[in-house]
């Protein structure tokens, strides 16, 4: 059975080692922030960090991920405080939100290597497709996140509306039998 570390927790998946990491994360670990988009590595919706590198989880099997450290959008920042997450909200670079987890992962990987990337470096590091076309705002958001990481700027955006991850379990109503 494949063993790996997911969001800083050791996990053993009782699944076929040839299962794509995407499905293990979504179906077995219930980490649904990693999205299924195209299944062939073109869209980037399923991007996760594997040993710090942004990779498409639909193209990696559990066997290939064995012994490695995987970070999903849920593990990037439980309280949505990562500079990339904050900058995406501040720059209104989120429309429907489907591609956002993959973009945030790819941007976090880039900014960890280079906190002051050029627009060309950002475009090369963020291969994700966004049907809503937020690309100009996305560039601004990644540049802002870089400035925050370099401690040149802070983000004073209000928290995202909704519930906090800690409240989620308590706020979901129990299913009533019909």
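Laboratory data are not the source of any read-out in this text; all were calculated from the coordinates shown. Just so it is clear, the structure is predicted and the values come from calculations on it, not from any experiment. In this analysis, Cβ positions are derived from the backbone assuming ideal geometry, glycine residues included, and neighbour counts consider all displayed protein chains.
Report relative contact order for segment 3-76 in percent, whole number only (criteria: Cα-Cα under 8 Å, sequence separation at least 6).
Working: 136 pairs, mean separation 30.2, N = 74.
Over segment 3-76, the number comes to 41 percent.
Between residue 118 and residue 63, what FRET efficiency comes out of the Förster formula 1/(1 + (r/R0)^6) with R0 = 45 Å and r the beta carbon distance, rounded to 0.05? Write out the running numbers ahead of the final one.
Working: r = 37 Å, r/R0 = 0.82.
It comes out at approximately 0.75.
Could you let me know the centre-to-centre spacing of segment 62-92 and segment 37-55, using Cα atoms, in angstrom?
The distance from the Cα centre of segment 62-92 to that of segment 37-55 comes to 12 Å.
Go through 7-13, 143-149, 120-126, 66-72 and give me the packing order, highest mean Cβ count within 10 Å leading.
Going by the mean number of other Cβ atoms within 10 Å, highest first, we get 143-149, 66-72, 120-126, 7-13.
Using a 10 Å cut-off on Cβ atoms, rank the peptides 21-30, 45-54 from the highest mean neighbour count down. It would help to have the intermediate numbers written out before the result.
Working: 21-30: 20.0, 45-54: 21.6.
Ranking the peptides 21-30, 45-54 by packing returns 45-54, 21-30.
At q = 0.13 Å⁻¹, what base-10 log of I(q)/I(0) does the Debye formula yield for segment 61-123 when every alpha carbon is treated as an equal point scatterer in vacuo?
Result of the Debye calculation: -0.41.
Suppose a student asked you for the relative contact order of the chain, using Cα pairs under 8 Å spaced at least 6 residues apart; what percent would you report?
21
Working out 0.36 nm times the residue gap between residue 15 and residue 1, then minus their Cα-Cα distance, what length gain in nm do you get to one decimal?
Numbers: separation 14, 0.36 × 14 = 5.04 nm, distance 0.67 nm.
Taking 0.36 nm per residue and subtracting the Cα distance, the gain is 4.4 nm.
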